[in-house]
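Below: one structure, written as structure tokens.
The values are calculated or read from the model by the stated rules, or taken from the named source; none is laboratory data. Because the structure is a prediction, the values reported are computed rather than measured. We place every Cβ from the backbone using ideal geometry, glycine too, and count neighbours over all the protein chains shown. Just so you know, the surface numbers come from the protein's heavy atoms only, side chains and all, with ligands and any DNA or RNA stripped out. Shrake-Rupley method; radii C 1.70, N 1.55, O 1.52, S 1.80 Å.
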Amino acid sequence: MTELVPSYASPTGQEIVFLLLGVMAVGSALLVVTTRQLVHAALWLVVCLGALAGCYLVLTAEFVAWVQVLIYVGAVVVLLLFGIMLTRAPIGRAADLDSGNRVVAAVVAIATAVVLVTVVVDGFRTAYAPLDPGAGSAKEIGATIFRNWVLPFEALSILLLAALIGAIVISRTDIRGRG
Amino acid sequence: MPEVLDAAVRLLAILAVFLVLPLVAGQMEHKAMAHMQARLGPMYAGGFHGWAQLIADGVKFMQKEDVIPAAADRRVFGLAPAVALVPYLVVMVVIPVGPGLVGVDLDAGLFFVLAVMGIGVLGSIMAGWSSGNKYSLMGGMRSAAQLMSYELPLVLAASSVAMAAGTLSLPGIVEAWQWWWLPWQAIGGVVFFTAGLAELRRPPFDMPIAESEIIMGPMTEYTGIRFALFMLAEYAGIIVLSALTGVLFLGGWHGPLLPGPVWMLIKVFALVFVVIWVRVSYPRLREDQLQKLAWAGLVPLALVQLALTGVVKVLTG
């Protein structure tokens, strides 16, 4: 990152596209929580996660963008839809979609957003990263993860393994607790 | 200006391929299936062996009334065929047919292809839910379950090739390909092709559309041009799967004597023939057999292939 900050008065094409994608992500995220139709919420989530992948693309993180689409759109949302369709999937508006905790949830969400935005703005106020194509290629990311960030990577893999074992234990009825 | 022209020519070529090859595959299915069952198939449309049958079908579909059921969710119902079809068009942009003959050489092309192909299944889930029909809903659910279990062996088998080639770019993988990869990556190739068939919901993995029990599943309520788009998506999917298997496991444009793109076409249509052959030969798998094949058969095989690739790669340095 360099200290050379270009003027914000004349945004480049990349910045405009990034902003539009950001608006799309935030807008569809709002629709996810406000829509009255359960399945529509899951479909708006697809748009939201797709726009986020677009943001990664504009930031030259090509590999991360495609992994985002593969995992979140291709697997997580499909899993959500499967779960919804397996339990209840009414067509049309559902009256019981609003939780009683929504005021508290909104306060927590806004507070989290405020904290994150302040930290990011405070930390990177004048920092400017030039967007060179190829900086987010698979090769670069692989080299960085396995050279500089091996420890977090391994910690994450242990976490995932623990979750996996937990899921197996919970889903199997022939394994009993000690109680 | 030359760059714009270059991009335009490439896109037009891809669009032409996208419009022509699925129809050829469809006609091939008509004919190959008919002859395997000792009958002739379409013989009249267009004159010579009924070559224009699919065009006639297309015209018929366009004239039909476009019915949207009263209980359906209209917006999602209308959007679903497009969500099913467009991903395959987008995937074709990165599939190489010869040295330098590719829409775009993406650095993470392999991941791009797998990611975008997964979106296509979303179309069938959307169609299943929005039809407001219990059979469609069951079909949509089965599609979702099938995608989730077969995505894993698909990605594992594909990553074995990426490991062997040391790159995620599709042209890069074909360039690195050697003839001895055929036996080396054979298990991965079979796993990839099988899992791909399941992701396309082709027989014998057509539990989600099983016409004899849930009446075409997600497509029950579709008529006219929307139904035709789903069929087009199926054949475009077959072409994409065959081309990908050719690129990843059969060496793409490599081959003696004939020019590269011709070899690529030969490989694609040989695989399309296998897809049709499998459809005619095997009975439909039951839902539990389907899941068992994925988790107890294909995933372990893909992991074996991954280990084999790693060992050979380390030994040969």
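Figures for the structure shown
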item: Helix B:260-281 vs. chain B, principal-axis angle (Cα, 0 to 90°, nearest 10); result: 50
item: Residue pairs, from the table B:Lys267/B:Lys313; B:Lys31/B:Lys313; B:Lys64/B:Lys292; B:Lys267/B:Lys292; B:Lys60/B:Lys292, whose Cα atoms sit over 32 Å apart; result: B:Lys31/B:Lys313; B:Lys64/B:Lys292; B:Lys60/B:Lys292
item: Mean separation of Cα contacts under 8 Å (6+ apart) over length of the stretch B:31-149, as relative contact order %; result: 21
item: Pair A:Ile16, B:Arg74: separation of 7 Å Cα→Cβ label points (nm); result: 3.5
item: Cα gyration tensor shape for the protein assembly as shown, rounded if a/c is under 1.5, else prolate or oblate; result: rounded
item: Peptides B:271-278, A:150-157, B:85-92, B:247-254 ordered by average Cβ neighbours within 10 Å, highest first; result: B:247-254, B:85-92, B:271-278, A:150-157
item: For the stretch B:189-317, size of Cβ-based charge dipole, Lys and Arg +1, Asp and Glu -1, in debye; result: 360
item: Burial order of peptide ranges A:158-166, B:187-195, B:158-166, B:47-55 (average beta-carbon count within 10 Å, highest first); result: B:187-195, B:158-166, B:47-55, A:158-166
item: Positive dipole terminus of the protein assembly as shown, leading residue within B:Leu122, A:Ala155, B:Ser149 (C-beta point charges); result: B:Ser149
item: Heavy atoms of B:Ile125 accessible to a 1.4 Å probe, total area in Å² rounded to 10; result: 0
item: Top positive-direction residue, dipole computed over the protein assembly as shown with Cβ charges, set B:Pro22, B:Pro203, B:Ala186; result: B:Pro203
item: Degrees separating the helix A:102-123 axis from the principal Cα axis of chain A, which is the longest one; result: 30
item: Total accessible surface hidden between B and A, rounded to 100 Å², 1.4 Å probe; result: 2400
item: C-alpha long axis of helix A:13-34 to longest principal axis of chain A, angle in °; result: 20
item: Shape category assigned to the stretch B:200-317 from the gyration tensor of Cα positions, a/c cut at 1.5; result: oblate
item: For residues of B:102-114, the mean tally of beta carbons on other chains within 10 Å; result: 4
item: Neighbouring partner chain Cβ atoms per residue of B:121-130, average, 10 Å criterion; result: 4
item: Cα-Cα P(r), the stretch B:66-316, percent of pairs per 5 Å interval; result: 1, 7, 13, 17, 18, 16, 12, 8, 5, 2, 1, 0, 0
item: Label-point gap, in nm, between A:Val108 and B:Ala13 - each point 7 angstrom along Cα→Cβ; result: 5.5
item: Value of D in µm² per second that Stokes-Einstein yields for the stretch B:159-236, Kirkwood Rh from Cα pairs, at 20 °C (1.002 mPa s); result: 141
item: Shielding by other protein chains, B:140-147, mean Cβ within 10 Å; result: 4
item: Sulfur and carbon atoms: percent of accessible area, the stretch B:1-139 [1.4 Å]; result: 73
